[in-house]
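J.: I'd like to ask you about the structure that follows.
No value in this document is a laboratory result; all are computed from the given coordinates. Everything numeric here is computed off the predicted structure, so don't read it as measured data. Neighbour counts are summed over all protein chains in view; Cβ atoms, including those assigned to glycine, are modelled from backbone coordinates with ideal geometry.
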Amino acid sequence: MSLHLFTQNGDTFVFHPVTLQSARLSAKGDFPLWPSCTTLDLKGKTPAVPSAGTLVLMLTYACNMACRYCCQGEIPDTEQFELPEEIARKSIDWLISVSGNNPEVGLGFMGGEPFMKFQLMKSLTSYAREKTRKAGKSLKIGAMTNGLLLTDEIIDFIASNTMQLTVSFDGPLSVQNANRVLKDGTPSYEKIVPNLLRLTSRCPFVSVRPTVFADENLDEVFAECRRLGFRECRLATVSSSLLPDGIQNDESTATDALISHFTRQADRLIAASENRDKPAVSMIAFDAVFREAVKDVVIANDELRPPRRRWFSCGAGRSFLTVDVRGNIFPCPRFMALPAYCMGSVLDGTFEHGDLKKSLVLEGEECRECWARHLCGGGCIVEHVSGTGSMFRANQNTCRLRKSKYEQAIRVACSLDTPSLEFMMKYLRR
Ligand code: SF4
Ligand code: SF4
């Protein structure tokens, strides 16, 4: 394992994969005085498997929209595809029983469109509140919605529960209407936008998640989401492996487009921080994926703090679990199409972490040798499985994107002087 070196716009940067420190090399090419990568022994430092903290319930597979890239196809609104209340309650009991010393547990509602089951959602929230109160824990709830059913009653519920809500919405009218249509094929933008404006005016804490194809103008997507009042935007790309037959998405081109986007964001953030331009820094902070990468790299450069190395990219299969409509436990909702990753059932209480407790940073074929492994944590397991057939072999497109994002974050962190960095960090907060 060696230091990672890269050059951009004539500057050369260096990153230490174990201490997570980074620097811009001087014109003479002097290297900073860092410990060698091989003398640092991290054996036995992998974090233990945490207790479960959040459970997502698939309330229904049915949906009131017909998005062009949806992986779930046409699912009828029948009981066979809905979570029975009895299984949902068992799931909540199970979550509390496996949550160990966690003082707080999270309950997420997904679908399909989860607000099609609003009465069930309300009933389960009351049940979970009562159960967690008796267990001496607090409860947070969340959901992912397409925004179509956001009535005043539902917005009241979201506001009164300070629900961690993410709206799947693709931004500009032309993009939203091309990708996300109603069941009868008619456009959705005009129907959803008034709901979103009422939502964000009452609940300024909600986020948006646009899903984009390669050819989208990302600046316009961000600008529209900001105009609608969201707190932050977490951009996702269309995953080819999940697309219905007949819809094409060139993942390599999509990756190139996002790499260009991160490069532009880095250029803008450097200029905005040097010019003390608060609105421009805040605009970039809206891009949650890039903001988090920059903050991670800047914080890692603080010699007074011990490095926060990532061993996992997300909590799926460890602190974060999902229950499908039959009570089967999966790592996260995107695993439900992969029966081999079923971890047990809340009906009989069986539960095994299996390979999900393994850190790809240690066991992934590419990850264990990757310079970015302790920033990245090994990537998204679903993306690896869908791209290569194995969770232990990395999806090259997502890797290329992740590495580029961290290189741009390193470039930002190492190009700014201390006052500019302090200014940037102040306004990158959310
Ligand atoms: S997923 Fe890719 S970028 Fe992330 S650690 Fe593994 S090889 Fe590196
Ligand atoms: S495994 Fe992938 S899709 Fe699932 S929660 Fe983690 S990052 Fe997200």
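J.: Which aspartates and glutamates have a Cα less than 18 Å from the Cα of residue 140, not counting those fewer than 8 places away in the same chain?
T.: Straight-line reach from residue 140, under 18 Å: 93, 104, 130, 156.
J.: What percent does the relative contact order of the chain come to when contacts are Cα pairs within less than 8 Å and at least six residues apart? Write down the numbers at each step before the final one.
T.: Details: 755 pairs, mean separation 77.6, N = 430.
Result for the chain is 18 percent.
J.: On to the next question. How many percent of DSSP beta bridges within the chain run antiparallel, rounded to 5? Walk me through the numbers on the way to the answer.
T.: Details: 17 of 44 bridges.
Antiparallel: roughly 40 percent of the beta bridges in the chain.
J.: Could I ask something else about it? Taking the dipole about the Cα centre of the chain, with the C-beta of Lys and Arg at +1 and of Asp and Glu at -1, give me whichever of 273, 208, 172 is farthest to the positive side.
T.: In the chain, that residue is 273.
J.: What's the magnitude of the charge dipole for the chain around its Cα centre, counting Lys and Arg as +1 and Asp and Glu as -1 at the beta-carbon? Answer in Debye, nearest 20.
T.: The dipole of the chain has a size of about 1360 debye.
J.: If you don't mind, there's one more thing I want to ask. At a Cα cut-off below 26 Å, give the lysines reachable from residue 183, other chains included and same-chain residues fewer than 8 away excluded.
T.: Cα-Cα hits under 26 Å: 117, 122, 191.
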